[in-house]
Amino acid sequence: MVVADSTNGVSARLPIQEWWSIPNTLSVTVERPPTEEWMFMDAATDLSPHGRGVAHSVMSDRHGVLAHVAQPPLVSKR
């Protein structure tokens with residue numbers, strides 16, 4: 001869950017020195033438990049011009065997909 005919660009930070013599209021990007025919830029759909037300690041994350045963020053969006057990722061290990069993650073951040077200028 002710690003790795004899943006980093007989706008928003010890993011996929012930030014705006015400079016974090018100038019913008020807040022605060023996820024107000026975390027949704028994780030787990031397909032299976034990991035079989036090893038190393039995990040991979042493919043993460044991206046989609047933003048609207050109104051300060052809303054979603055950070056999403058797919059977590060996997062060498063054997064395939066582990067989980068799908070969604071974090072809807074609130075975005076505003078610092």
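See the values below:
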quantity: Percent accessible area from carbon and sulfur atoms, region 36-78, protein chains only, probe 1.4 Å; calculated: 59 percent
quantity: Where chymotrypsin sites (Phe, Trp or Tyr not before Pro) fall in DSSP loop in the chain, at most 11 other Cβ within 10 Å; calculated: W38
quantity: Label-reachable residues, region 47-66, where backbone N falls under 12 Å from a point 7 Å from Q17's Cα toward its Cβ; calculated: none
quantity: Probe 1.4 Å, protein heavy atoms only - accessible area per residue of the chain in square angstrom; calculated: 67 Å²
quantity: Farthest positive-ward along the chain dipole, Cα basis, beta-carbon charges - from M41, I16, M59; calculated: I16
quantity: For G53, residues with placed amide H under 5 Å, excluding near neighbours; calculated: S48
quantity: Dipole magnitude (debye, nearest 20) for the chain, charges at Cβ of Lys, Arg, Asp, Glu; calculated: 360 debye
quantity: The chain: relative contact order as a whole-number percent, Cα under 8 Å and 6+ apart; calculated: 40 percent
quantity: 3J(HN,Hα) from dihedral phi, region 57-66, Karplus parametrisation 6.51/-1.76/1.60, rounded to Hz, x for glycine, proline; calculated: 8, 10, 9, 8, 10, 4, 9, x, 5, 9
quantity: 18 Å cut-off, amide nitrogen to a point 7 angstrom out along S76 Cα→Cβ, residues in region 9-28; calculated: 14-25
quantity: Net charge of neighbours whose Cβ lies under 12 Å from the Cβ of V58, counting Lys and Arg as +1 and Asp and Glu as -1; calculated: -3
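The values are calculated or read from the model by the stated rules, or taken from the named source; none is laboratory data. This one's a predicted model, so the numbers in the text were calculated from it and none came from an experiment. For neighbour counting, all protein chains shown are included, and Cβ atoms are generated from backbone atoms with ideal geometry for every residue, glycine included. Quick note on the areas: whole protein, heavy atoms, side chains included, nothing else; ligands and nucleic acids left out. Shrake-Rupley method; radii C 1.70, N 1.55, O 1.52, S 1.80 Å.
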